[in-house]
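Worksheet for the structure shown next.
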Amino acid sequence: QVQLVESGGGLVQAGGSLRLACTASRTIFSIKTMGWYRQAPGKQRELVAIISSGGSTIYADSVKGRFTISRDNTKNTVHLQMNSLKPEDSAVYYCTADYIADTYWGQGTQVTVSS
C-alpha cells in the first residue's frame, strides 16, 4: 500500500503562485505514475497533471504553460508548481499514485484563488 500526504494549499490572489507537495509512504522509485487531480464544488474530478517514473509528463490543456509537475525520488515527493493562478483553478487538489494494480489517493488540499 501507499499513503499519500499533500501539503502546500491555501488562499492566493489571481496571478499568484502556489507549490503543492505530495509525500509518499514508500519509495517512489517503484511507483509507475504519480499525479494530481482536482475537484471543484459541483464538478467532476479532473486530471491536472501526471508524471511517469521515467519523467514523462501529461498536462490538462487548461494548465499547460502555467503548472509544472516534478518528482524528487530521493524525498519520495511529487511537486506541482502552479503559476499565474486563476479563480477557476480553485478546487481541492488530490495526489495520486499508481502502484502495482491499484491507484491510491491522498486526502486532498484546498486551493482557493481570489479574483
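Per residue, the accessible area of the chain comes to 53 Å² when a 1.4 Å probe rolls over the protein heavy atoms.
The ellipsoid that matches the Cα gyration tensor of the chain has semi-axes, each √(5λ) in whole angstrom, of 23, 14, 13, with the longest given first.
Taking Cα centre as origin and charging only the Cβ of basic (Lys, Arg, +1) and acidic (Asp, Glu, -1) residues, the dipole magnitude of the chain rounds to 120 debye. For the set Glu46, Glu6, solvent exposure ranked by accessible area (probe 1.4 Å, protein chains only) runs largest to smallest as Glu46, Glu6. When the trypsin sites (Lys or Arg not before Pro) in the stretch 1-67 are filtered for DSSP coil states and for at most 15 other beta-carbon atoms within 10 Å of their beta-carbon, the remaining sites are Arg26, Lys32, Lys43, Arg45, Lys64, Arg66.
Just the protein heavy atoms count here, and of the accessible area of the chain at 1.4 Å, carbon and sulfur take up 48 percent.
Starting from the Cα of Lys32, draw a straight line to each of the lysines and keep only those under 26 Å, dropping any in the same chain fewer than 8 residues away. Cα-Cα hits under 26 Å: Lys64, Lys75.
Converting phi to 3J(HN,Hα) with the Karplus coefficients 6.51, -1.76 and 1.60 and the offset θ = phi - 60°, the stretch 19-34 yields 10, 8, 10, 10, 10, 9, 7, 9, 4, 8, 4, 8, 9, 5, 9, 10 Hz in sequence order, with x at every glycine or proline.
The values are calculated or read from the model by the stated rules, or taken from the named source; none is laboratory data. Since this is a predicted model, take the numbers as computed values, not measurements. Backbone-built Cβ (ideal geometry, glycine too); neighbour counts: all protein chains shown. For accessibility, only protein heavy atoms count, side chains too; no ligands or nucleic acids. Shrake-Rupley method; radii C 1.70, N 1.55, O 1.52, S 1.80 Å.
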